[in-house]
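Here it is, the structure in full.
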Amino acid sequence: MVTVIIPALNEAETISAVIRLVKRSPTVSEVIVVDDKSHDNTVSVARDEGATVYTSTTLGKGASMREGMLFARNEYLLFLDADITTYPADIVELMTAPLVNDTADFVKSVFTRQAGRVTELVAKPLLRLLFPELARFSQPLSGMVAGKKSLMQSLELENDYGVDIGMLIDTHLKGARIAEVNIGYIENRMQSWEQLSKMSLEVSRAIISRGEPLQKREGDTLRKVSALTTQMEYALRENRKGLSRMVIFDMDNTLLKGSFITTASQILGFEEELINIVTHNDTAIMRTKLIATLMKGHSVKEVLDVAETIPLVEDALDVVTELKKNGFICGIISDSYDVVTNHIKNKLGMDFSVANELEFSRSVATGEVKIPSYYLRTKQSRCSHEYCKSNVIRQLSASYDINISNITAIGDSDNDICMVRECGTGISFYSQNKYLNLVADHLITVRSFSPLLEILGGK
């Protein structure tokens, strides 16, 4: 059986067609979409089409591919671009046949289309110079590839535009059998000049870094090629829809029927260390940094496997779906980690999540954490806490152009008090915290979000 992995960044308009196409193949048992932190509806569209969706821990196509592999259950992997609507109906069979027949370990697509400028001006000249045996490939930058999981996981994938050419060279250097398959006519969007410039630099870097011995011998030539390319900053611009109402959920013991870090300590074996950190460190920032060190060495798959052991409140998905139908923006603010909150966000079809950013290198936690600046106290803060969720509320209000009076916050603990008090509507959820219950506008005393619909419907 085949796992189809689709890295995606802002591909809401096209990804539905790609998922539907590959799901028609009887050989496909799972479709994984790895979202590169899109700002459009890519995640919700992919979920609606039945794909399993993960949010990448690191920006870049290579990171998305690498993390997709971690979750894949099959040996045969097919990677497809999310922005192409002209794949042939038998794309899965075409690309995986050499793997199934054991005539190749890695399959690269070739298709009918005028060769790109980066291919002709950068990739091919450098390949002819450094790796002449690969010059036979007419489209070395093609992003549609298939391979055996055992081989693909051994590759050091680039995170940027160099990922496709890097895979081709690395499989060659490993002595793997490479096949090229014609998939017919392909049509995708044209790149801007700024993107082409960035691609040129990153492709040349990927090739040159792998041709180190010859690079030293032909340094002048290579420097001239490199000098032709210019690095341009790649920026994402988000268009807001102007929705006027927002609901913000805490995650631990609110959306989830438990705490991620507590559960992780039990499953991953650092319960005593966690207790020691919590009981001997008074400041939230220090606790956050020290707790992150306990995650060092654990892969993103291990982290999400822990998250999956904690059940969601039973009606969370239904209530979020209903809120969105009624025009609410829905999201998560948590003092946990973004890799977990993004996962929960995707499962529930929410619009955003905000959390501490657990650092990963090659999909393994480094033990470092980045605390987003918008958690921290400023001159505009309405509370005295050094680190507080209420500061995030003000950031979201500005970003989405929604008055704070139209924001509802739901939480269960001390960490949620300021957030609940700051918003137009504050809700204490299934909590015994007397201070939270005191400042909240409404109390939900059962572990169900159904009362939320009545509260907000009455506004």
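The values are calculated or read from the model by the stated rules, or taken from the named source; none is laboratory data. As the structure is a prediction and not an experimental result, all values here were calculated from the model. All Cβ positions, glycine included, derive from the backbone under ideal geometry; neighbour counts span all protein chains shown.
Can you tell me which residues in the stretch 15-45 are within 14 Å of D81 (Cα to Cα), buried (at least 18 other Cβ atoms within 10 Å of the Cβ) and more than 13 Å from the chain's Cα centre (by Cα)?
Across the stretch 15-45, the qualifying residues are I15, S16, V18, I19, L21, V22, V31.
If you don't mind, there's one more thing I want to ask. Every residue in the stretch 9-27 that is in a loop (DSSP other than H, G, I, E, B) and either within 21 Å of N159 (Cα to Cα) or in contact with a strand residue (DSSP E or B) (Cβ under 8 Å, 6 or more places away or on another chain) (or both), please. Walk me through it before giving the result.
Within the stretch 9-27, the subset in a loop (DSSP other than H, G, I, E, B) is 9-14, 24-27.
L9, N10, E11, S25, T27, listed by residue number.
How many residues does the stretch 321-349 contain that are within 25 Å of S244 (Cβ to Cβ), of a type outside the set (S, T, N, Q) and in contact (Cβ under 8 Å) with a residue 60 or more places away in the chain?
Count: 13.
What helices (runs of 4 or more DSSP H) lie completely within the stretch 279-352 and have 1 or more residues being under 19 Å from N415 (Cα atoms)?
284-293, 338-348
Residues that are of a type in the set (A, V, I, L, M), at pLDDT below 85 and in contact with an Asp or Glu (Cβ under 9 Å, 6 or more places away or on another chain): list the helices (runs of 4 or more DSSP H) wholly contained in the stretch 156-234 that include at least 2 such residues.
193-210
Could you look through the stretch 1-21, keep only residues that are touching an Asp or Glu at 6+ places or on another chain (Cβ under 7 Å) and under 19 Å from M65 (Cβ atoms), and pick out the one that is modelled with the lowest pLDDT?
Step one: of the stretch 1-21, the residues touching an Asp or Glu at 6+ places or on another chain (Cβ under 7 Å) are 3, 7-12, 14, 16, 19-20.
If we keep only those that are under 19 Å from M65 (Cβ atoms) as well, we get 3, 7-11, 14, 19.
Numbers: T3: 96, P7: 92, A8: 91, L9: 87, N10: 84, E11: 90, T14: 91, I19: 96.
Only one residue fits best here, namely N10.
Here's another thing I want to ask about it. Output the residues belonging to the stretch 441-459 that are outside any helix (DSSP H, G or I) and in contact with a Phe, Trp or Tyr (Cβ under 9 Å, 6 or more places away or on another chain). Give the steps one after another, and end with the answer.
Filtering the stretch 441-459 down to residues outside any helix (DSSP H, G or I) leaves 441-449, 458-459.
The answer is L443, I444, T445, V446, R447, S448, F449.
Let me ask you something else. So, in the stretch 1-14, how many residues would count as being more than 15 Å from I91 (Cβ to Cβ) and surrounded by fewer than 21 Cβ atoms within 10 Å (Cβ to Cβ)?
5
Give N10, N74 a once-over and let me know the one that is touching a Ser or Thr at 6+ places or on another chain (Cβ under 6 Å) and on the phi > 0 side of the Ramachandran plot. Step through it out loud before you land on a result.
Values: N74 fails: on the phi > 0 side of the Ramachandran plot.
Selected residue: N10, the only one of N10, N74 that is touching a Ser or Thr at 6+ places or on another chain (Cβ under 6 Å) and on the phi > 0 side of the Ramachandran plot.
Based on what the data block shows, is S353 within 16 Å of I248 (Cα to Cα) and polar (S, T, N, Q)?
Judged against the criteria, S353 is a match.
Residues checked against (1) closer than 26 Å to I444 by Cβ; (2) at pLDDT 90 or above; (3) within 21 Å of the chain's Cα centre (by Cα); (4) not assigned by TED's automatic domain parsing to the domain that holds D416:
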| position | (1), (2), (3), (4) |
| --- | --- |
| K301 | no, yes, yes, no |
| L317 | yes, yes, yes, no |
| Y337 | yes, yes, yes, no |
| L358 | no, yes, yes, no |
| K370 | no, yes, yes, no |
| S373 | no, no, yes, no |
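Could you tell me which residue of the stretch 135-144 is farthest from the chain's Cα centre (by Cα), considering only residues that are under 12 Å from D164 (Cβ atoms) and among the hydrophobic types (A, V, I, L, M, F, W, C)?
We begin by selecting, within the stretch 135-144, every residue under 12 Å from D164 (Cβ atoms); these are 137, 139-144.
Within this subset, residues satisfying the condition of being among the hydrophobic types (A, V, I, L, M, F, W, C) are 137, 141, 144.
Values: F137: 31, L141: 23, M144: 19 Å.
Checked the stretch 135-144; the qualifying residue farthest from the chain's Cα centre (by Cα) is F137.
Collect the residues in the stretch 355-401 that are closer than 26 Å to R245 by Cβ and crowded, with 18+ Cβ neighbours inside 10 Å, keeping them in residue-number order.
Passing the criteria: A355, Y375, C388, K389, S390, N391, V392, I393, L396, S397, Y400.
Please state which one of I344, I332 is under 21 Å from the mean Cα position of the chain (by Cα), surrounded by 21 or more Cβ atoms within 10 Å (Cβ to Cβ), of a type in the set (A, V, I, L, M) and at pLDDT 95 or above.
It is I332.
Report every pair of residues separated by at least 6 positions or lying on different chains whose Cβ atoms are under 6 Å apart, first residue within the stretch 281-300 and over 17 Å from V364 (Cα atoms), second in a loop (DSSP other than H, G, I, E, B) and not acidic (D, E).
R287/N281
I'd like the residue in the stretch 282-305 that is touching a Phe, Trp or Tyr at 6+ places or on another chain (Cβ under 7 Å) and closer than 17 Å to K345 by Cα and, out of all such residues, is surrounded by the most Cβ atoms within 10 Å (Cβ to Cβ).
Filtering the stretch 282-305 for residues that are touching a Phe, Trp or Tyr at 6+ places or on another chain (Cβ under 7 Å) and closer than 17 Å to K345 by Cα, the one surrounded by the most Cβ atoms within 10 Å (Cβ to Cβ) comes out as V300.
Does I291 satisfy being modelled with pLDDT under 95 and of a type in the set (A, V, I, L, M, F, W, C)?
On the way: modelled with pLDDT under 95: no; of a type in the set (A, V, I, L, M, F, W, C): yes.
No; evaluated as a whole, the condition is false for this residue.
Looking at P88, P132, can you tell me which residue is surrounded by fewer than 17 Cβ atoms within 10 Å (Cβ to Cβ), under 25 Å from E11 (Cα atoms) and more than 26 Å from the chain's Cα centre (by Cα)?
Every option except P88 fails the conditions.
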